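Here's the structure, in structure tokens; my notes come after.
Read-outs throughout are calculated quantities, based only on the coordinates presented, and are distinct from any laboratory measurement. Just so you know, these numbers come straight off a predicted model, no measurement behind them. As a convention, Cβ positions derive from the backbone with ideal geometry for all residues, glycine included, and neighbour counts pool all protein chains shown.
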Amino acid sequence: MTHQSNSTWILPKQLDKDFIDYLIEERGIENKEEFLSPNIDNIPSPNLLYNTEQATKDILEAVEKEQKIVICGDFDSDGICATTILWEFLYKELASHLNKKIDVVPYIPDRIDQGYGLTDSSITDMLNLNANLIITVDCGVRDYKLITKYQEEKGVKFIITDHHQPPTDLPEELGYSLVHQMYPSKEYPDQQICGAAVAFLFVQRIKEEAGMDYKITENTKGLDLVALATVTDLMPLLGTNRLFVKYGLQQIANKTRVGMEELCFVSKLNPTEVSSYQLGYVLGPRVNSAGRVGDPLDGVRLFANTNRAKCRTLAQRLDSLNSYRQRTTETTKNIALSQIDNNNLDKAIFILGKDWHEGIVGLVAGKLLEQYNRPIMVATNNNGIIKGSARSVIGFNITNTLEKFSKYLKRFGGHELAAGFTAKAETIDEFINEFIEYANEQITDEQLVKQTKIDLLVDTDDITIDFINRLKLLEPYGYGNYKPIICLQNLVIVKKYVLGANKNTLKLMVKGRGVELLTVMLFMCEEDIQLLNEKDMIDIIGSPDINSWNGNQTIQFIVKEWRFSS
């Protein structure tokens, strides 16, 4: 692997103001004080979330009548967290407050056999559990016809809580409660929140109606799961989401949930040092692995359990599943790569495999997107059923695009940059050809050029502990609020060290215009070890970091990309 750049670097303008002010301005943040001093009181009221009043009444009525409630969630991290938040509240907190047992169970359909969300199969399963009321979390907004059918034929009631893009033909009168932050003309102040956030806000509304303490504080149960779901579902870390993640990370650091603590343990993380990066790239993948290649209810069991031994066992199970998921993804990605003609690339790529694990096609699509920087569709034909995942580039809304080809699809849904779908096997060739043709017409050449926008251009003497600490004012980082990309140019390599048990880590001592040498680190960089040598002059982009060891603090720069200086 190499970190040698294959992208165009967009250098920033010369700074004429404080770099923090500049970075805030570049991110389009209007209220600097609110951004730098996030306050949990600024989360918009749950009462502003559409239809929570009626949905709350429906739930409390079902509780009063001692009816069976089934919570149906999605099998990804967001769905697992949302299911846990709502089930834990109803089964434990509300039941304790009302001093009565609430008959509520969590349910997540099987990704392979049943697919996403509400289907005839999943609803039949829930009816077999004697469901009187079905509450969805992180799914259901596109299932109006199916819901209506079962309400009329079976008499089961539904409450839909979701955050995915609503269909354009959603009727005004639904016949059931839909709690949604993007309901037309009734939008929540912050529309880009995840399914777990919707469930969390809904819970606070139920608390209010039930006479419980409903004010959202740093100790409100569930913020840790909302933080995990927000990051893993790629919600922009601005506004309300920034608050969810900031205070959720505090709950993780305070070890308020045994299951989260044990998940950190098997992931070799100290809960007090977990950041948004670890949520997205360490903890999140382990939770997602339950839904991709295992039993997603194991994620719910982990987070809702208070028995440390059971949580340790569940966390170890998710860790093992994640390792299996990584191996399977890599194997499938290599097969997919063999199907791509690199000499004749269209503006989108559609890969159709056979008997691939459905749980990892989205991961393969994501990896191909990183490599080819164009919309990617990866699907697999398993016993005549074609299921796939899509990943896209900015400016090409993949969910809206799938809607244009709905005649070829049985189901689809998602966001602007990611979606899932089930295609009709008998017309798959037409779908592929027309999709590629449409992409070739709509996508510009500029959209396919991989660009790296650099936030700050500095020299080695600028990289100080104070500089690094001031950058931390912008945390938590994530989608929509990326860690600033720092560039240093014309660095001379003075010393080169090859480190690590696998000899795939490179430590460089480099000199810029200043007097002191700067330590530069490249990880997983086997090829770079051969490419880079002492006396070479390079430009690098990445981020500075403070390395603490035995009470000492030293500065190092973690390289994202490098190139030879021109």
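Structure shown: which of Lys215/Lys246; Lys310/Lys503; Lys13/Lys367; Lys367/Lys483 lie over 28 Å apart, alpha-carbon to alpha-carbon?
Lys310/Lys503; Lys13/Lys367
Is it possible to state the helix-based mean residue ellipticity at 222 nm for the chain, with each DSSP H run of 4+ residues giving -39500 (n - 2.57), the sum divided by total residues, to the nearest 500 deg cm²/dmol? What is it?
Using -39500 (n - 2.57) per qualifying helix, the result is -11000 deg cm²/dmol.
Percent relative contact order of the stretch 339-448, based on C-alpha pairs within less than 8 angstrom and at least six residues apart?
With pairs under 8 Å counted, the relative contact order is 24 percent.
So what is the relative contact order of the chain, in percent, for Cα pairs below 8 Å that sit 6 or more residues apart?
Computed over the chain, the figure is 14 percent.
Take the alpha carbon atoms of the stretch 418-475, find their center, do the same for the stretch 172-212, and report the distance between the two centers in whole angstrom.
A separation of 30 Å, based on Cα centres.
Would you mind computing the Rg to Rh ratio of the chain from its alpha-carbon coordinates, Kirkwood style for Rh?
Here the Rg-to-Rh quotient is 0.98.
For every other residue with a beta carbon closer than 11 angstrom to the beta carbon of Ser406, add +1 if it is Lys or Arg and -1 if Asp or Glu, then tell me the sum.
+4
Aspartates and glutamates near Lys535 by alpha-carbon distance under 19 Å, same-chain residues fewer than 8 away left out - which ones?
Asp459, Glu516, Glu527, Glu561
Residue by residue through the stretch 557-566, what is 3J(HN,Hα) from phi via Karplus (6.51 cos²θ - 1.76 cosθ + 1.60, θ = phi - 60°)? Round to whole Hz and write x for glycine and proline.
For the stretch 557-566, the Karplus-derived couplings read 10, 8, 8, 8, 9, 9, 8, 6, 5, 8 Hz, x marking Gly and Pro.
Pull out a ≥ b ≥ c, the square roots of the eigenvalues of the alpha-carbon gyration tensor of the stretch 475-566, then state rounded if a/c is under 1.5, prolate if not and a/b is larger than b/c, and oblate in the remaining case.
rounded
Given the pairs Lys186/Lys450; Lys149/Lys410; Lys268/Lys495, which are separated by over 29 angstrom at their Cα positions?
Lys186/Lys450; Lys268/Lys495
Report the paramagnetic label zone for Asp113: residues of the stretch 324-364 whose backbone N is under 18 Å from a point 7 Å from Cα along the Cα-to-Cβ axis.
Zone members listed by number: 357-359.
Can you compute 3J(HN,Hα) from phi for each residue in the stretch 469-476, using the Karplus curve 6.51 cos²θ - 1.76 cosθ + 1.60 with θ = phi - 60°, rounded to whole Hz and x for Gly and Pro?
5, 5, 4, 5, 4, 7, 5, x
Return the sequence-ordered ³J(HN,Hα) values of the stretch 347-353 in whole Hz as given by the Karplus equation 6.51 cos²θ - 1.76 cosθ + 1.60 applied to θ = phi - 60°, using x for Gly and Pro.
Whole-Hz 3J(HN,Hα) from phi for the stretch 347-353: 7, 9, 10, 10, 10, 10, x.
Of Cys525, Cys194, how do they rank once you tally other Cβ atoms within 10 Å and put the fewest first?
So the ranking, lowest neighbour count to highest, is Cys525, Cys194.
Pull up all non-local amide H partners of Lys453: gap of 5 or more, or a different chain, and H-to-H distance under 5 Å with H placed in the peptide plane.
Ile10
Checking the cross-link filter: which aspartates and glutamates have an alpha carbon closer than 18 Å to that of Lys92, excluding same-chain neighbours under 8 positions apart?
Excluding near neighbours in sequence, the set is Glu61, Glu64, Glu66, Asp103, Glu208, Glu209, Asp213, Asp224.
Treating cross-link reach as a plain straight distance, find the lysines whose alpha-carbon is under 18 Å from the alpha-carbon of Lys407, omitting any fewer than eight places away in the same chain.
Those lysines meeting the cut-off are Lys145, Lys387, Lys424.
I'd like to compare 365-374, 221-230, 27-36: which one has the highest average count of other Cβ atoms within 10 Å, and what's the full order after that?
Result, highest mean Cβ count within 10 Å first: 221-230, 365-374, 27-36.
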